[in-house]
Amino acid sequence: MKFFVDTANIKEIMEAQEWGIVDGVTTNPTLLAKEKENPLDVIKGIVKTVNGPVSVEVISTDSKNMVVEGRGFAKIADNIVIKIPITKEGLKATNVLSKEGIKVNVTLIFSTNQAILANKAGAAYVSPFIGRLDDIGNEGVNIVKDIVKIFNIHSASTEVIVASIRQPLHVTEAAKIGAHIATIPFNVLEKMVYHPLTDKGLTIFLDDWKKIKKRV
Ligand code: G3P
């Protein structure tokens, strides 16, 4: 399963890259708004740092301007992917941009049918938001199961990016389901590394080694 980092923070991206686990990055307007720098400069910094796909979301809500924005973002770098919300206008824009060879990540997906429509429109990626479904009492992972199953049955070329990940268990579930990608906030990546028994075990090893050193 590919790991994307769900952040616009270049320090987090670079730290995760040093771990050797970064296959791409996803951003959105909220994540970009958290950074102090000009969003375009942030995006240019990310695409220079990461070789894999970097998703950048359009702000327009009408297809004509979504297409204009998408074409503009695509010119920044070859690894830019255009994030477009799953709306009627978004489907129109996805249809146009995908036919021009521009990769689209259809986002804000909360149902299996939305993912099927996005695939039909030519999406390179779909982003089901499992955390936000959990937030309202649904089991977000279940729609990912359906989407992956249906895409596999029909050999769909669209890749599933499990998004809105809130906890390490979401990553485990995504991997068990066979999702192509999990886009993971840095704080969740850090939680994935940590286990109290690892820390405890390391302390015991180092303390025992000190005992040997005293003897030699
Ligand atoms: O970036 C898309 C998605 O991961 C956003 O997640 O935490 O805002 O629901 P969240």
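The GluC sites (Glu not before Pro) of segment 158-190 include none that DSSP puts in a loop with a beta carbon having at most 13 other beta carbons within 10 Å.
Taking amide H atoms as placed 1.01 Å from N in the peptide plane, the amide H of residue 162 lies under 5 Å from those of 181, 182, 183, each 5 or more residues away in sequence or on another chain.
Per-residue SASA remark: residue 166, around 110 Å² accessible (1.4 Å probe; ligands, DNA and RNA not included).
What is the diffusion coefficient of segment 1-108 in µm²/s, taking the Kirkwood radius over Cα pairs and the Stokes-Einstein relation at 10 °C with a viscosity of 1.306 mPa s? This corresponds to a translational diffusion coefficient of 114 µm²/s. Calculated on C-alpha atoms, the gyration radius of the chain divided by its Kirkwood radius gives an Rg/Rh of 1.08.
With θ taken as phi - 60° and the Karplus curve 6.51 cos²θ - 1.76 cosθ + 1.60 applied, the whole-hertz 3J(HN,Hα) list for segment 199-204 is 4, 5, x, 5, 4, 5 Hz, x standing for glycine and proline. When both bridge partners sit in segment 2-215, DSSP labels roughly 0% of those beta bridges antiparallel.
Here is the size of segment 16-65 from its Cα atoms: Rg then Dmax, 12.4, 40 Å. At R0 = 45 Å, how high is the FRET efficiency between residue 175 and residue 211 if r is their beta carbon distance? Nearest 0.05 is fine. With R0 = 45 Å, the Cβ-Cβ based efficiency is 0.65.
When 125, 194 are compared by accessible area of protein heavy atoms, the largest-first order is 194, 125, using a 1.4 Å probe. Full extension of the chain between residue 138 and residue 99 yields a length gain of 10.6 nm, computed as 0.36 nm times the residue separation minus the alpha carbon distance. Placing R0 at 22 angstrom, the Cβ-Cβ distance between residue 157 and residue 111 gives a FRET efficiency of 0.60 after rounding to 0.05.
Computed from label points 7 Å out along Cα-Cβ, the spacing between residue 64 and residue 51 is 4.2 nm. Computed extension length for residue 146-residue 186: 11.7 nm, one decimal, from 0.36 nm per residue of separation with the Cα-Cα distance subtracted. Taken over segment 93-216, the percentage of Cα pairs per 10 Å bin, counting from 0 up to the bin with the maximum distance, is 13, 35, 23, 12, 9, 7, 3, 0. Phi-derived couplings, Karplus 6.51 cos²θ - 1.76 cosθ + 1.60 at θ = phi - 60°, listed residue by residue for segment 166-178: 10, 7, x, 4, 4, 5, 4, 4, 4, 5, 5, 6, x Hz, with x used for Gly and Pro. With both labels modelled 7 Å from their Cα along Cα-to-Cβ, the residue 120 to residue 88 distance reads 1.5 nm. Here residue 197 and residue 167 are evaluated by their C-beta separation; at R0 = 25 Å the FRET efficiency comes out at 0.85.
The values are calculated or read from the model by the stated rules, or taken from the named source; none is laboratory data. Note that this is a predicted model, so its numbers are computed, not measured. Please note: Cβ atoms are built from the backbone with ideal geometry, for glycine as well, and neighbour counts cover all protein chains shown. Just the protein is used for accessible areas: all its heavy atoms, side chains included, with ligands, DNA and RNA removed. Shrake-Rupley method; radii C 1.70, N 1.55, O 1.52, S 1.80 Å.
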